[in-house]
Amino acid sequence: MRLLPAAVSDAVGAMGRGVNGQDIWGWRVAAYLFVSGMGAGAYAAGAAAEWLDGAGAVTAIAVGLGPLLVGPAALFLIGDLGRPGGFLRAGRRPSTSWIARGVVILSAFLAASAAHAAYALYGGPAAAPLALSAVGGLLALLTMIYTGLVLGAIRPIPFWTTPILPLLFAVSSLSTGVMAVDLVATLAPGAPPSALAAWRSADLVLLALEAIVVALYLALAHATVAARAATALVTRGALARRFWGGVVAAGLAVPFVVQLAEVSGALPASAAWTALSSGAGLAGGFFLRQIVIAGGVKSPLNAAGMLFTLPGHPRAWQA
Amino acid sequence: MVIDLRRCVGCYGCQVACKAEHVTRPGIMWARVLKSETGTFPNVRRLSLPVLCMQCREPACLPVCPTGATVQRPDGIVTIDRELCIGCRYCMQACPYGARYFSDGDGAYFGATPTPYERAGAGEHADGVVEKCNFCIERVERGLEPACVANCMTRARVFGDLSDPESEVSRLVRAKGGFQLNPEFGTDPCVYYLPP
């Protein structure tokens, strides 16, 4: 029994089998999304912990990781430009372009988080840290979500034009940020700070939330041919190994199980376990950005009921 | 511009005429012909779809440009200022019609050394920026038709002024049910197709 008109089901079949995601942006953009998200997430978690608990060794690491990760992350984007030397021009049109808005957001976040990190190192007026963490925390949140809006402004790629994407980036950024803090604090010289248990508990909540958001993201991307082709590409096509192995197993399951065992005391506290859970979780954060970027299937052109898949670009400049 | 899909035989003449006019680099096609086929033998349907920059009235590529390199001229033609473009390729993502190409500068058609012909046309291109069809501004301003129109052997393409309701293009769109490609993206293209 045919549930779909012949032309439509053929098109889904044709797009589902030989379909490719966009080839205009590649691993550098995914790496930027991952590293900048991790840095902003670490900073936001540190700022929140300062509000709740006051400053300490772990919050200092978290706040410092913000500018230390987001700054270099921007180099991935600059390196991806056809004319890297002109990167300052990228901020010229914030009134309409999300890339230009991103330049403003990134610059403001780098300034605020660097000031906060300097305060954590050298000290300053007593009221400064709360003000800095409020401003910096807001900018960190914007740094995490604006990338979802950069992608969301691209109308012909339905896999990206969803309000779930900024949410997904925010949750994954917070989670990878917490794992980065956990990793650095554990591997730093001296005994691991006792405050890390609370961070791991928080990360358990974030990982569970992220699993739900990932499931929603894929479950609800089905309104158009290109959206269905994208989910097929990710869950059972060329990106399936990276999704199930990289995102689901390494990025979500491994850190959740290990951190749960650490928090509940089933595992002895050991740097090796933390390295495993955070290492796997961070790799998963990169794979998540990669499947989102590489899974961006462009809508086919439609002329008189016939669908035309747009050909890829013969030059792979991310090669 | 109006393209009659019933007249088009998919000969790729427009694609080649465009290459000859603008000396675009390998892999870059300001104008190109897409083909699609559905059904199973012997009940199949094939269609050729010539595409180019649609010179949209509401171009999706324009607002996303972070530098202001993409501009819409008063006559409606969308152009790229290659001195401002930084090659971020956001516009390529935003264009629903795949009309934009990244020019990375390497490769000539015949080996490493460009031919005299390629050298003569090199001034129109730059490295590390995005480029696209400009409706052959240089020809239109001299009173000529765009190269893809002038060279179409079946006269499937008609060039004219859509803002004039009495022009041939306006009349064809009205009389023959001209349609725009993927109007759901809200781009309001200035290229119309007549049904096959």
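The values are calculated or read from the model by the stated rules, or taken from the named source; none is laboratory data. Keep in mind the model is a prediction, meaning the values are calculated, not measured. Ideal geometry is used to build each Cβ from the backbone, glycine not excepted, and the neighbour counts take in all protein chains shown. Just so you know, the surface numbers come from the protein's heavy atoms only, side chains and all, with ligands and any DNA or RNA stripped out. Shrake-Rupley method; radii C 1.70, N 1.55, O 1.52, S 1.80 Å.
For the reader, a short list of remarks on this structure follows.
- Filtering region B:70-112 to residues that are at the interface with chain A (Cβ under 8 Å from one of its Cβ atoms), within 15 Å of A:Ala90 (Cβ to Cβ) and in contact with a strand residue (DSSP E or B) (Cβ under 7 Å, 6 or more places away or on another chain) leaves B:Cys85, B:Gly87, B:Arg89.
- Filter result for A:Asp53 (open to solvent by less than 20 Å² (accessible area, probe 1.4 Å), charged (D, E, K, R) and either within 14 Å of chain B (Cβ to nearest Cβ) or out of contact with any Gly (no Cβ under 6 Å at 6 or more places or on another chain) (or both)): no
- Per the conditions (1) away from every other protein chain (no Cβ under 11 Å); (2) on the phi < 0 side of the Ramachandran plot, the sole criterion not satisfied by B:Cys61 is (1).
- Here A:Tyr119 meets the list (1) more than 22 Å from the chain's Cα centre (by Cα); (2) aromatic (Phe, Trp, Tyr); (3) open to solvent by 60 Å² or more (accessible area, probe 1.4 Å) almost entirely, failing just condition (3).
- Some residue of region A:84-101 being without any contact (Cβ under 8 Å) to a residue 40 or more places away in the chain, of a type in the set (D, E, K, R), touching a strand residue (DSSP E or B) at 6+ places or on another chain (Cβ under 9 Å) and not in a helix (DSSP H, G or I): no
- Number of positions in region B:87-116 that are hydrophobic (A, V, I, L, M, F, W, C) and on the phi > 0 side of the Ramachandran plot: 0
- Evaluation of B:Tyr193 against the conditions (1) open to solvent by 40 Å² or more (accessible area, probe 1.4 Å); (2) assigned to a strand (DSSP E or B); (3) aromatic (Phe, Trp, Tyr) shows that the sole unmet condition is (1).
- Scanning region A:108-135 for residues that are farther than 25 Å from A:Pro72 by Cβ and part of a helix (DSSP H, G or I) yields a total of 4.
- Taking first residues from region B:106-131 that are part of a loop (DSSP other than H, G, I, E, B) and partners that are among the aromatic types (Phe, Trp, Tyr) and at pLDDT below 90, the Cβ contacts under 9 Å between residues at least 6 apart in sequence or on separate chains come to B:Thr115/B:Tyr109.
- Residues (within 11 Å of another protein chain (Cβ to nearest Cβ), assigned to a loop (DSSP other than H, G, I, E, B) and either open to solvent by less than 30 Å² (accessible area, probe 1.4 Å) or without any contact (Cβ under 8 Å) to a residue 60 or more places away in the chain (or both)) located in region B:173-188: B:Gly177, B:Leu181, B:Asn182, B:Thr187
- When residues in region A:119-167 are screened for being over 19 Å from A:Arg228 (Cα atoms), among the hydrophobic types (A, V, I, L, M, F, W, C) and more than 14 Å from chain B (Cβ to nearest Cβ), 18 of them pass.
- The lone exception for B:Cys148 - which of (1) under 23 Å from B:Val33 (Cβ atoms); (2) free of Cβ contacts under 8 Å to residues at least 24 places away in the same chain; (3) of a type outside the set (Val, Ile, Thr); (4) outside any loop (DSSP other than H, G, I, E, B) it fails: (2)
- Taken over region B:126-154, the criterion of being of a type in the set (A, V, I, L, M), under 15 Å from B:Lys19 (Cβ atoms) and open to solvent by 30 Å² or more (accessible area, probe 1.4 Å) is satisfied by B:Ala150 alone.
- Test: residue in region B:155-163 that is more than 28 Å from A:Ser299 (Cα to Cα), out of contact with any Gly (no Cβ under 7 Å at 6 or more places or on another chain) and surrounded by 13 or more Cβ atoms within 10 Å (Cβ to Cβ): yes
- The set of residues in region B:24-69 that are under 23 Å from B:Gly160 (Cα atoms) and not hydrophobic (A, V, I, L, M, F, W, C) comprises B:Arg32, B:Ser48, B:Pro50, B:Gln55, B:Arg57, B:Glu58, B:Pro59.
- Note on region A:74-97: residues that are over 21 Å from A:Val135 (Cα atoms) and either hydrophobic (A, V, I, L, M, F, W, C) or under 16 Å from the mean Cα position of the chain (by Cα) (or both) total 8.
- Of all the listed residues (A:Leu142, A:Leu168, A:Leu149), the sole one being open to solvent by less than 10 Å² (accessible area, probe 1.4 Å) and more than 15 Å from A:Ile61 (Cβ to Cβ) is A:Leu168.
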